[in-house]
1. Give the dimensionless ratio obtained when the Cα radius of gyration of segment 26-157 is divided by 2.2 N^0.38 Å.
2. Which net charge results for the neighbourhood of residue 58, defined as the other residues with beta-carbon distances under 9 angstrom from its beta-carbon, given Lys and Arg at +1 and Asp and Glu at -1?
3. I want to verify the translational diffusion coefficient of segment 212-298 in µm²/s; compute it with Stokes-Einstein, Rh as the Kirkwood radius over Cα pairs, at 25 °C and 0.890 mPa s.
4. Going through the cross-link list 36/271; 230/271; 153/217; 144/267; 248/277; 71/267, which pairs have a Cα-Cα distance over 24 Å in this structure?
Amino acid sequence: MNKIGKILIMAALTIVMALPAAAQPQVKAAFESLRKQATKTRTSTQVDDKGLKQTLDEIYFDLANDSQIMKFTDACEADSKLSYTYITHEPSDNREPYLIYNDDNTRVVIGNNSNYHYVLYCMADPDNEQLRYCYSAEWFTNKKGRVEGRVVKTYGPRPGRKSSNKAGIYTFDLSGLDQLGDLGDRINDAVNRSLDNYTYVDSDDNSISSRKLTEEKFLTKFNYYRNCFKDAASKSDNSVLVSSYATKLMTLSRKVQGLNLSDNMLKACVKSLQELKSLTHDEFVQGILDDAIAQYRDK
């Protein structure tokens, strides 16, 4: 690849790595609200020899009803566009347990108990892609009708994430590639391939399951392609990228049959695809998205 192509790819990586500074505003507020209802708390902080800090904030609750925990789950959904992983499960769902915190003294897993509801929400630190914030909750209704459970907030290394280029070194305007004709298309393709390789590597998985495509990986990719589609659709000169991301979503959706996504997650995927369909007037792209939607309705 020539020097210009490499620079454009590095610039694209810089753009992708930038997340809103005011991240998880609703999730954070809902978490702090539950703190006021805590029956027991646990915290852990560890700093390694390189200065890397991990923190755990775990809150147990015993509530008269589920209104407070529903506010937390609603907040996770509202902020889901900022996340790279957002998962919910009902007690009857098949599920995978997730390791959400691990230091020398403490290990926390969510999703082990099949009788619990749970929600998992993870997002990268906007200042360091190697680190992440993770919010999660699991709960059940006891025989007295009270809601018991815990809500957890962690901060620390993103599992499997390797060192990445530092943001802010390159700033280039990627608009106008269509003026380069076939060269512009080839550069766009190279950027897409680079983004895929950068964002999704097999080792970047906090699922305890060893299956190749886990629920978390599926939803992470889906959310990424969805956001890319929306961004491309907002620019009138990005019809090639719109079609490309629609195809990626269709290909990914054909793999849903082998996963244990909850009904809530299946409905959320269909809702998102229908939203994307409304963003384009291209009948070919709409047909691709219809094919993707059919995969969830056939499950």
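1. Segment 26-157 yields a ratio of 1.04.
2. +3
3. 191 µm²/s
4. Exceeds cut-off: 36/271; 144/267.
Computed from the coordinates by the stated procedures, all read-outs in this text should not be read as laboratory data. Since the structure is predicted, the reported quantities are computational estimates derived from the model, not experimental observations. Note that we place each Cβ from the backbone using ideal geometry, even for glycine, and neighbour counts take in every protein chain shown.
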